[in-house]
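Reading through the structure tokens given below for one structure.
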Amino acid sequence: EIDDLFGGEGKENKELCGGCCCKANECGGIKAFIRDLRTEFKGLDDVYVWHALCGSWGGVRPGATHLNSKITPCKLSPGLDGTMQDLAVVKIVEGSIGLVHPDQANDLYDSMHSYLAQSGVTGVKIDVFHSLEYVCEEYGGRVELAKAYYDGLTNSIVKNFNGSGIIASMQQCNDFFFLGTKQIPMGRVGDDFWFQDPNGDPMGVFWLQGVHMIHCAYNSLWMGQMIQPDWDMFQSDHVCAKFHAGSRAICGGPVYVSDSVGSHDFDLIKMLVFPDGTVPKCIHFALPTRDCLFKNPLFDQKTVLKIWNFNKYGGVIGAFNCQGAGWDPKMKKIKGFSECYRPISCTVHVTEVEWDQKKEAVHMGKAEEYVVYLNQAEELHFMTPKSEPLQFTIQPSTFEIYNFVPVEKLGGSIKFAPIGLTNMFNSGGTIQELECV
């Protein structure tokens, strides 16, 4: 105990703690760390802490806490065992899981979360949601075990983190979507951001970034019906950082980076975020255009990934050349297809924005004419619903963002269309309010 080391309260204690008047056991550990963070960074809103659904990757060590934990061997379903090999899963299976009895699920989460909340933590990021199905056999099956754990998690989040201080990762399992979304509003729709290929392909530093976007875009079709899709972090100084930034700008979800300290590209970040730290977000979640749905934008050598979204005063389509990699069913892993890593030609049209998917956007889809602003090319075009589509060619690992802004007729020959701040990726999203007089 820190109290024993410091000899209790008193003068000596104050000297070691920098002269503060608190008890010594309040001056160390995570509470002091968070206090220092908030002292150093005045604009810090939240501090979240990571943990796995079962406590840590391997659960809770038996005998280490007051909880009834038991080492439980992991049994993978044939379906999961037949997919790609994942290092996290391999290590969990090797070590088994110290599973807390489901009767104590409420105590498990409240014990962790109440301590964190008292230390100044404002939320948690929960990982490895799918691991419950590995260890459910002795506890009535995956449904019964999941009910107990998600009930405990929900109760704790309500009590300790205002009911919403939680985001999710590795939650692509049915249990989560049926039981975990009572309190969890946001979940990751893609794999980790891999800054290079862990298998050693030097081109992976490029083509893995396109794979990430494909996963996020197509998974959002399903997951977006239940949660806010989270396209996850990236590094602003990565060789493909701009490629990632363009997709995050119009994904409709949060924007965050995992830069090493001192390795930020602030010129890039300023194209994503306002000076006050807020993000000009789209009002929907990004989805593939219909002509991409049953194509292969990863290695068919002809399809560009196009994703659409809305802003308050217009629509947007992002076109991304993700060609160059894909799933190899024999090797059971994603690998590069270098012959596909080349420029791809395609078209874009205003009618590819699904205006009727959100009531706030329906009226914008009925405009007679639109201005189209190309963010990367810095070009303006006019388009009507009956116009020919715009032709374009996208280089590998690059993109274009098309902002479609309805044209207002103000009288006579005067027309007006607000394009927004063109020095930001989602220029249309920078318009907060608009009134035409």
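The values are calculated or read from the model by the stated rules, or taken from the named source; none is laboratory data. Note that this is a predicted model, so its numbers are computed, not measured. When we count neighbours, we look across all protein chains shown, and the Cβ atoms used for this are built from the backbone with ideal geometry, even at glycine. Please note that ligands, DNA and RNA were not included when accessible areas were found on the heavy atoms of the full protein model with its side chains. Shrake-Rupley method; radii C 1.70, N 1.55, O 1.52, S 1.80 Å.
Consider segment 96-114. How many of its residues are assigned to a helix (DSSP H, G or I) and surrounded by 15 or more Cβ atoms within 10 Å (Cβ to Cβ)?
So the count comes out to 11.
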Over segment 195-245, the set of residues closer than 24 Å to Phe266 by Cβ, open to solvent by 60 Å² or more (accessible area, probe 1.4 Å) and assigned to a loop (DSSP other than H, G, I, E, B) is Phe195, Gln196, Asp237, Val239
How many residues does segment 361-379 hold that are touching a residue at least 24 places away in the same chain (Cβ under 8 Å) and either in a strand (DSSP E or B) or loosely packed, with under 11 Cβ neighbours inside 10 Å (or both)?
7
Report those strands (runs of 3 or more DSSP E) wholly inside segment 248-352 carrying at least 1 residues which are among the charged types (D, E, K, R) and under 27 Å from Leu380 (Cα atoms).
305-311
Restricting segment 96-125 to residues that are touching a residue at least 40 places away in the same chain (Cβ under 8 Å) and among the hydroxyl-bearing types (Ser, Thr, Tyr), the residue that is farthest from Ser169 (Cα to Cα):
Ser119
Search segment 130-157 for residues that are free of Cβ contacts under 8 Å to residues at least 12 places away in the same chain and pair each with any residue that is crowded, with 20+ Cβ neighbours inside 10 Å when their beta-carbon atoms are under 7 Å apart and the residues are at least 6 apart or on different chains.
Cys136/Leu145
Consider segment 86-136. How many of its residues are of a type in the set (D, E, K, R) and either under 27 Å from Ser164 (Cβ atoms) or touching a Ser or Thr at 6+ places or on another chain (Cβ under 8 Å) (or both)?
6
Any chance you could count how many residues in segment 160-192 are open to solvent by 10 Å² or more (accessible area, probe 1.4 Å) and in contact with a Ser or Thr (Cβ under 7 Å, 6 or more places away or on another chain)?
5
Scanning segment 57-95 for residues that are in contact (Cβ under 8 Å) with a residue 60 or more places away in the chain, part of a loop (DSSP other than H, G, I, E, B) and more than 18 Å from Lys332 (Cβ to Cβ), the one most open to solvent (accessible area, probe 1.4 Å) turns out to be Lys75
Name the residues in segment 158-177 that are in a helix (DSSP H, G or I) and either in contact with a helix residue (DSSP H, G or I) (Cβ under 7 Å, 6 or more places away or on another chain) or in contact (Cβ under 8 Å) with a residue 12 or more places away in the chain (or both), would you?
Val158, Lys159, Asn160, Asp175, Phe176, Phe177
Working only within segment 424-437, note down all residues that are closer than 22 Å to Val348 by Cβ and open to solvent by 20 Å² or more (accessible area, probe 1.4 Å).
Ile431
Criterion first (farther than 19 Å from Trp194 by Cα, in contact with a Lys or Arg (Cβ under 9 Å, 6 or more places away or on another chain) and free of Cβ contacts under 8 Å to residues at least 24 places away in the same chain) does Lys295 satisfy it?
yes
Restricting to segment 42-56, give me the number of residues that are open to solvent by 60 Å² or more (accessible area, probe 1.4 Å) and either in contact with an Asp or Glu (Cβ under 7 Å, 6 or more places away or on another chain) or within 30 Å of Pro329 (Cβ to Cβ) (or both).
1
Going through segment 222-256 in order, the residues found to be among the aliphatic types (A, V, I, L, M) and at pLDDT 95 or above are Val239, Ala241, Ala245, Ala249, Ile250
Residue ID - modelled with the lowest pLDDT, chosen from residues in segment 295-347 that are touching an Asp or Glu at 6+ places or on another chain (Cβ under 6 Å) and within 22 Å of Met84 (Cα to Cα):
Lys335
Check Thr39 against each of (1) open to solvent by 70 Å² or more (accessible area, probe 1.4 Å); (2) β-branched (Val, Ile, Thr); (3) in contact with a helix residue (DSSP H, G or I) (Cβ under 7 Å, 6 or more places away or on another chain) and name the one condition it does not meet.
(3)
